[in-house]
Amino acid sequence: MTNNLEKAERPWGRYEVLQESATHKVKCIWMNPGFRLSYQRHKYRAEHWFIVQGTGEITIDGVVSQVGPGSTVEFPIGTLHRLSNTGTAEIIFVEVQTGTSFDESDIERVEDDYGRTGQ
């Protein structure tokens with residue numbers, strides 16, 4: 001059976017889509033030490049993250065918390081969020097998206113280290 005699910009490299013690491021349907025999308029995300037995701041929100045999807053490996057800081061609507069293996073984080077639709085890898089190892093987490101659209105264009109970047117603000 002051929003796996004036609006999406007895989008992508010990003011400036012901060014990479015991700016692979018594990019499962020996708022009309023009602024959800026599941027990704028595994030690998031983030032390199034010293035990098036961080038865009039400070040972003042979504043109009044059409046909520047996200048739930050489960051941290052598998054690594055340590056970092058999660059920012060949710062301006063509030064910073066520490067995360068590590070076993071941490072779970074919920075982002076309702078419209079919640080600003082960002083993960084920073086503050087450890088020395090890769091952060092690996094599983095992201096479950098629910099909502100009405102799972103397209104990469106449903107990302108409003110408020111801040112971005114890689115020049116993608118407004119994309």
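Laboratory data are not the source of any read-out in this text; all were calculated from the coordinates shown. The structure displayed is predicted, hence computed values, not measured ones. Every residue, glycine among them, receives a Cβ derived from its backbone with ideal geometry; neighbour counts consider all protein chains shown.
What the table shows:
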{"quantity": "Options Glu95, Glu111; residue that is exposed (fewer than 15 other Cβ atoms within 10 Å of the Cβ), touching a residue at least 60 places away in the same chain (Cβ under 8 Å) and not aromatic (Phe, Trp, Tyr)", "calculated": "Glu111"}
{"quantity": "Residue tally, condition polar (S, T, N, Q) and closer than 18 Å to Thr88 by Cβ, over region 55-72", "calculated": "3"}
{"quantity": "All strands (runs of 3 or more DSSP E) inside region 1-88 with 2 or more residues being more than 14 Å from the chain's Cα centre (by Cα) and closer than 21 Å to Arg109 by Cβ", "calculated": "63-67"}
{"quantity": "Which numbered condition Thr100 misses (of (1) touching a residue at least 12 places away in the same chain (Cβ under 8 Å); (2) more than 15 Å from the chain's Cα centre (by Cα); (3) farther than 25 Å from Asn4 by Cβ)", "calculated": "(3)"}
{"quantity": "From the options Phe50, Phe35, Phe75, Phe93, residue that is of a type in the set (A, V, I, L, M, F, W, C) and over 24 Å from Thr117 (Cα atoms)", "calculated": "Phe50"}
{"quantity": "Region 89-108, subset of a type in the set (Val, Ile, Thr) and either in contact with an Asp or Glu (Cβ under 6 Å, 6 or more places away or on another chain) or assigned to a loop (DSSP other than H, G, I, E, B) (or both), residue nearest to Asn32 (Cα to Cα)", "calculated": "Ile107"}
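Every residue, every condition in (1) surrounded by fewer than 19 Cβ atoms within 10 Å (Cβ to Cβ); (2) touching a Lys or Arg at 6+ places or on another chain (Cβ under 8 Å), yes or no:
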{"position": "Glu9", "(1), (2)": "yes, no"}
{"position": "Ile29", "(1), (2)": "no, yes"}
{"position": "Asn32", "(1), (2)": "yes, no"}
{"position": "Tyr44", "(1), (2)": "yes, no"}
{"position": "Phe50", "(1), (2)": "yes, no"}
{"position": "Val67", "(1), (2)": "no, no"}
{"position": "Ser71", "(1), (2)": "yes, no"}
{"position": "Pro76", "(1), (2)": "yes, no"}
{"position": "Thr100", "(1), (2)": "yes, yes"}
